[in-house]
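Scroll down for the structure; my scribbles are underneath it.
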Amino acid sequence: MCHIAPVPAAPDVVVIGAGVVGAACAWHAARAGLRVTVVDRGPVASGTTGAGEGNILVSDKPAGPELELALLSARLWSDLAAELGGFEHHDKGGLVVAASESAHQNLLDTGLGQQAAGVTATPVAPDDLPGYEPHLAGDLAGGMYYPQDAQVQPMLAAARMLADARGHGGAELRTGVQVTGLLRDGERVVGVDTTSGSIPAAAVVNAAGTWGGQVAELAGVHLPVLPRRGFVLVTEPVPVLVRHKVYAAEYVSDVASADAGLHTSPVVEGTDAGPILIGSSRERVGFDRSMPAEILRTLAAAAVRLFPVLARVNVIRAYRGFRPYCPDHLPVIGPDPRAPGLWHACGHEGAGVCLAAATGHVIAASLAGRSTEVDLVPFRPERFG
Ligand SMILES: Cc1cc2nc3c(=O)[nH]c(=O)nc-3n(C[C@H](O)[C@H](O)[C@H](O)COP(=O)(O)OP(=O)(O)OC[C@H]3O[C@@H](n4cnc5c(N)ncnc54)[C@H](O)[C@@H]3O)c2cc1C
């Protein structure tokens, strides 16, 4: 007897990249009823998603389009945690602290603009800081508390969304498969060529993170996504010493800087498993994978200045990742009019985990031809000229 295997139907959409952003696009698209195939050249979360932290921050974003997206994303992450769970979502709140009176004044000014944009930001007097963080240094000028800041474990979050998209949404996940080209019908992108054959699809989503510019090139369009290197120190597991996401006020200007040189500012947070994560550094040195001890020492010393108790805690390892940096610090989200059929969801720099939920939500709406509640114009792919 001859058995003829059924030919699988072509997906409506191929998502390139199984990081947290691609996973969120796949989850929301599957929820919208689309047939989805996710393709990654490595395992799930093998890009920057597996090499960063998992903060969902509204506190580090001034009023503007990125903050609007972050506020939507923070709400969607909470909804997703309630529905799916299993990825260590904590509404832990963020505490930004200032070492000088001028930095404190800047914090208060930024907070006013953020409050007008819908952020809850509560000024914290120096005497009240120990009530938030008992182990903080005693000589700080004040702070600002942001209860909407939260945290997830990004690798678990990506894996959970993909598992659910497969289990309930019928999505297909193909790892170890590299996209090498895009199928074209005239100008239109109609699928992908891969190391395991071609996959025709009505739409393709470029969620290739720091490699988003390379995928765009396959379509003959330019996206200036560059790597911005960052290191994280991981301590031995300790009882709870740090309750919130805590960082120094200078972190905000470091994030916003367009300078390629090294910027460091202390960022400290606890995790479910006990280790404390210490960041953060930013520099544009291409994909240089070296780990200069000097930078790691600088990060450790800055964290000890913020939390002197950390001087007695051992660092057990360090890792690095390459944030997908765009020159205007905004991600690229939406359809590309230069290559119809191609959508982009990449270039989120140091906020890809935070912005993933909203990115997936608006990409799915756009794919389904629905309007999005966030204006995508500031994120349009063709803005770079
Ligand atoms: C040190 C550090 C700390 C960070 N901390 C935070 C934080 O606290 N909060 C936050 O929001 N963000 C943080 N980030 C940034 C965040 O990690 C990234 O913005 C986010 O992970 C990007 O996710 P992504 O899915 O877009 O990209 P990635 O996770 O890089 O996924 C892209 C995927 O595309 C695949 N791919 C690429 N090209 C191809 C191809 N041709 N074919 C097939 N597959 C391909 C790659 O293998 C990869 O898996 C941090 C980053 C670093 C480095």
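Data table
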{"item": "Rel. contact order, % - alpha carbon contacts under 8 angstrom, at least six apart, the range 1-125", "result": "18"}
{"item": "Long-range amide H partners of residue 175 with built H, under 5 Å", "result": "40"}
{"item": "Accessible surface of the chain, 1.4 Å probe, proportion on carbon and sulfur as whole %", "result": "55"}
{"item": "Extension gain from residue 156 to residue 317, taking 0.36 nm per residue of separation minus the Cα-Cα distance", "result": "56.0 nm"}
{"item": "On Cα atoms only, tilt of 65-83 relative to the major axis of the chain in degrees", "result": "80"}
{"item": "Estimated dipole of the chain in Debye, rounded to 20 [Cβ of Lys and Arg +1, of Asp and Glu -1, Cα centre]", "result": "940"}
{"item": "DSSP beta bridges in the chain [antiparallel fraction, %, rounded to 5]", "result": "70"}
{"item": "FRET E, pair residue 174, residue 372, Förster distance 25 Å, beta-carbon r, rounded to 0.05", "result": "0.35"}
{"item": "Heavy atoms of residue 325 accessible to a 1.4 Å probe, total area in Å² rounded to 10", "result": "10"}
{"item": "Summed side-chain charge close to residue 200 - residues other than residue 200 whose Cβ falls under 15 Å, Lys, Arg +1, Asp, Glu -1", "result": "0"}
{"item": "Nearest-10 value in Å² for the accessible area of residue 155, using the 1.4 Å probe", "result": "80"}
{"item": "Charge-dipole axis of the chain as Lys and Arg at +1 and Asp and Glu at -1 on Cβ define it, positive-most pick from 339, 251, 329", "result": "339"}
{"item": "Positive minus negative residues near residue 99 (Lys, Arg vs Asp, Glu; Cβ under 11 Å)", "result": "-2"}
{"item": "Rounded to the nearest 20 debye, dipole of the range 334-385 from Cβ charges on Lys, Arg, Asp, Glu", "result": "100"}
{"item": "Calculated [θ] (222 nm, deg cm²/dmol) that DSSP helices of n ≥ 4 give over the chain, each run adding -39,500 (n - 2.57)", "result": "-9000 deg cm²/dmol"}
{"item": "Per residue accessible area in Å² of the range 17-74, where ligands, DNA and RNA are left out and the probe is 1.4 Å", "result": "27"}
{"item": "Degrees separating the helix 154-167 axis from the principal Cα axis of the chain, which is the longest one", "result": "30"}
{"item": "Folded to 0 to 90 degrees: helix 293-306 orientation relative to the chain principal axis, Cα", "result": "50"}
{"item": "Label point distance in nm, residue 195-residue 112, each placed 7 Å from Cα along Cα→Cβ", "result": "5.5"}
{"item": "Contact order normalised by residue count of the range 109-234, Cα under 8 Å, 6+ apart, percent", "result": "12"}
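The values are calculated or read from the model by the stated rules, or taken from the named source; none is laboratory data. Keep in mind it's a predicted model, so treat the numbers as computed, not measured. All Cβ positions, glycine included, derive from the backbone under ideal geometry; neighbour counts span all protein chains shown. All accessible areas refer to the heavy atoms of the entire protein, side chains included, with ligands and DNA or RNA removed. Shrake-Rupley method; radii C 1.70, N 1.55, O 1.52, S 1.80 Å.
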